Amino acid sequence: MLEAREEPTPEDESRAITWMPRGMELLDWLGIYSQFHKKGVFRGLHQFENQHGKLLEWSFDQLESPYQYSLQLPQHDTEVIFEDAARKTGMIEIRRGHKVIEATQTKDNVIVKVQNKKGLYEISAPWGVGCDGAKSIIKSRLAIEKTWRDYGINSAVADFEMDCHLSIDISNIVLDPQRPYGFFYFVPGRW
């Protein structure tokens with residue numbers, strides 16, 4: 001596994017914080033759910049409001065799953081747990097600080113050019129998996145089109161340290177026509 005970043009996502013950034021029930025079933029199948037359970041914040045109810053009051057409450061209690069909630073966990077913790085579990089298998093080498101800068105495919109192999117602090121090198125294998133996000137080198141080299149949709153709005157995500165009267169097990173989404181917003185607790189003192 002090649003990862004351009006030297007370290008996991010910083011601990012003080014929430015990033016991808018929500019695990020939904022089916023995702024937790026996958027974590028259970030992988031044998032690592034208990035680690036997520038120990039660190040996560042359980043969200044049993046998602047509440048939608050507008051300027052006039054409550055519109056809808058949505059829970060997972062009717063879902064046929066042993067996980068009838070969502071779980072909030074900062075991306076840092078998710079990365080650390082996954083990386084530790086992968087290393088413990090003995091089947092994967094993780095190279096942090098190694099950035100894929102080129103990928104090509106032949107009849108029999110995928111060839112990847114990699115940049116690290118020491119310079120450039122190439123590796124090849126019968127197959128490869130690219131999980132490199134929106135600005136994907138892999139998608140580009142394989143001519144997979146990116147489809148973007150402009151909704152004509154801007155949005156922002158911010159992590160706040162604050163005391164709040166809202167319940168930590170409910171996500172609060174306010175559908176204000178001028179500026180929708182939401183509050184989600186994810187670790188002590190942080191929303």
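Descriptive notes on the structure:
- Strands (runs of 3 or more DSSP E) wholly inside the range 101-191 that include at least 2 residues being among the hydrophobic types (A, V, I, L, M, F, W, C) and more than 30 Å from Ser59 (Cα to Cα): 110-116, 119-125
- Test: residue in the range 57-75 that is out of contact with any strand residue (DSSP E or B) (no Cβ under 7 Å at 6 or more places or on another chain), surrounded by 14 or more Cβ atoms within 10 Å (Cβ to Cβ), outside any loop (DSSP other than H, G, I, E, B) and at pLDDT below 95: yes
- A single member of Ala125, Ala134 is under 21 Å from the mean Cα position of the chain (by Cα) and either among the small types (Gly, Ala, Ser) or exposed (fewer than 15 other Cβ atoms within 10 Å of the Cβ) (or both), and it is Ala134.
- Hey, Arg43 in contact (Cβ under 8 Å) with a residue 12 or more places away in the chain, charged (D, E, K, R) and surrounded by 12 or more Cβ atoms within 10 Å (Cβ to Cβ) or not: yes
- All conditions but one from (1) surrounded by 13 or more Cβ atoms within 10 Å (Cβ to Cβ); (2) closer than 22 Å to Leu45 by Cβ apply to Phe160; the one that does not is (1).
- Matching entry among Ser136, Ser59 (being closer than 22 Å to Lys39 by Cα, without any contact (Cβ under 8 Å) to a residue 60 or more places away in the chain, in contact with a Gly (Cβ under 8 Å, 6 or more places away or on another chain) and of a type in the set (Ser, Thr, Tyr)): Ser59
The values are calculated or read from the model by the stated rules, or taken from the named source; none is laboratory data. What you are looking at is a predicted structure, and each value in this text was computed from that prediction instead of being measured. Neighbour counts are summed over all protein chains in view; Cβ atoms, including those assigned to glycine, are modelled from backbone coordinates with ideal geometry.
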